[in-house]
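Single-structure report; data block below.
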Amino acid sequence: QAKKLGGNRIKFYSDEMNSQALYRIELESYLRKALEKNEFFLCYQPFIDIDSDTVIGAEALIRWNHPKLGLVPPADFIPLAEETGLIIEIGGWVLETACVHTKNWQQVEGYQELNISVNVSAQQFQQPSFVSEVKHALTTSGLSACHLHLELTESAMLKNASYSIEVMKELQGLGVKISVDDFGTGYSSLSYLRDLPINNLKIDRSFIKNLRAESKDLAIVHAIITMGKGLNLNVIAEGIETEEQLSILRQLTCNVAQGYYLSKPKEQTEFEKFMNDSQPSLV
Ligand code: C2E
Ligand code: MG
Ligand code: MG
Ligand code: MG
């Protein structure tokens, strides 16, 4: 009896594994065609300067709208794009598109200095042609390098660390800014903050989530902000969802705020509306 049950269970598991494997293969074949079929688009989530309460930039976040699967979240396809190497082409498209949009938005009064932050995968960053792709995106869009920020995770920066440092320096030489994304979630030692050429620290959302007066997260966030400022870095908090979190971050003198409380990621036209509505009053 037990044996029979066990047998069924094995069959059940292997069916499930088959269907997962099939889903993956299907997803991969859809992903291969997604670029040429124009199924990707970008959403933009504003960055707010905490002091002046103004929009100083946005993060580009990719979205995939597939005719059969619907909207596939990045968490479901970015890892697959990385495994298959498709991320290099996809990431190139994100970079070029985001630069073109931003250059256009800089024509809007009050937004001449708008910054754009683009997420870059380790694999894309490690490509020998990465710097020339960045240069190309800047040249074709006409965007100034100083308005482009590239977001990398700690692990992406520390993979082939000495090579990565060279690439980051080369990018900074152009004027491009480098951000550490999801700061605090990696396993790396803090000494890398001394050695890596970086401009911005983005405190991971997981620390902001439970940020309350007298919480452990408050102590951690406070320490990150103090350390970041001591290292002359611009400190950004991601994932702000409440008024209280924002007010704590303001008291801690965090520089830049991002999160649903301020604005969710918005499609191009929605973002343009948001910019017009939050236009700094020009005296
Ligand atoms: P990330 O770069 O850390 O981006 C922040 C994620 O948190 C975004 O999810 C954003 O929508 C979400 N978020 C922002 N504010 C809040 C908030 O207040 N509460 C909550 N709960 N979530 C918030 P999204 O757009 O699903 O992207 C997930 C991840 O996918 C990104 O994390 C990034 O690692 C990756 N990703 C997105 N676009 C790209 C891209 O163009 N290239 C690459 N390589 N990765 C990308
Ligand atoms: Mg990011
Ligand atoms: Mg992040
Ligand atoms: Mg994050």
With contacts defined as alpha carbon pairs under 8 Å and 6 or more residues apart, what's the relative contact order of the chain in percent? 17
Rounded to the nearest 10 degrees, the helix 161-174 long axis (Cα) sits at an angle to the longest Cα principal axis of the chain of 40
Calculated FRET value between Asn160 and His136, using beta carbons and R₀ = 25 Å, to 0.05: 0.65
Taking the Cβ of Asp53 as the centre, find all other residues whose Cβ is under 14 Å away and add up their charges (Lys, Arg: +1; Asp, Glu: -1). -3
Against the longest alpha carbon principal axis of the chain, how many degrees, from 0 to 90 and to the nearest 10, is the axis of helix 216-230 turned? 50
So what are the chain's ellipsoid semi-axes, whole angstrom, largest first, if each one is the square root of 5 times an eigenvalue of the alpha-carbon gyration tensor? 34, 25, 21
Cα-centred dipole magnitude for the chain, charges only on beta-carbon of K, R (+1) and D, E (-1), debye, nearest 20: 860
Length added when fully stretched, Gln20-Glu36, from 0.36 nm per residue minus Cα-Cα: 3.2 nm
Taking the beta-carbon count within 10 Å as an exposure proxy, list Leu143, Leu231 from fewest neighbours to most. Leu231, Leu143
List the pairs from Lys33/Lys273; Lys159/Lys202; Lys135/Lys209; Lys37/Lys169 whose alpha-carbon separation is above 29 Å, in the order I gave them. Lys33/Lys273; Lys135/Lys209; Lys37/Lys169
By how many degrees, 0 to 90 and rounded to 10, does the Cα axis of helix 74-84 deviate from the longest principal axis of the chain? 70
How much net charge surrounds Thr139 when only the other residues with a Cβ under 12 Å from the Cβ of Thr139 are counted, with Lys and Arg +1 and Asp and Glu -1? 0
Cα-centred dipole magnitude for the range 136-241, charges only on beta-carbon of K, R (+1) and D, E (-1), debye, nearest 20: 160
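Here, each number is a calculation from the coordinates, and none is a lab measurement. In this text the structure is predicted, and so the values were computed from the model without any measurement. Every residue, glycine among them, receives a Cβ derived from its backbone with ideal geometry; neighbour counts consider all protein chains shown.
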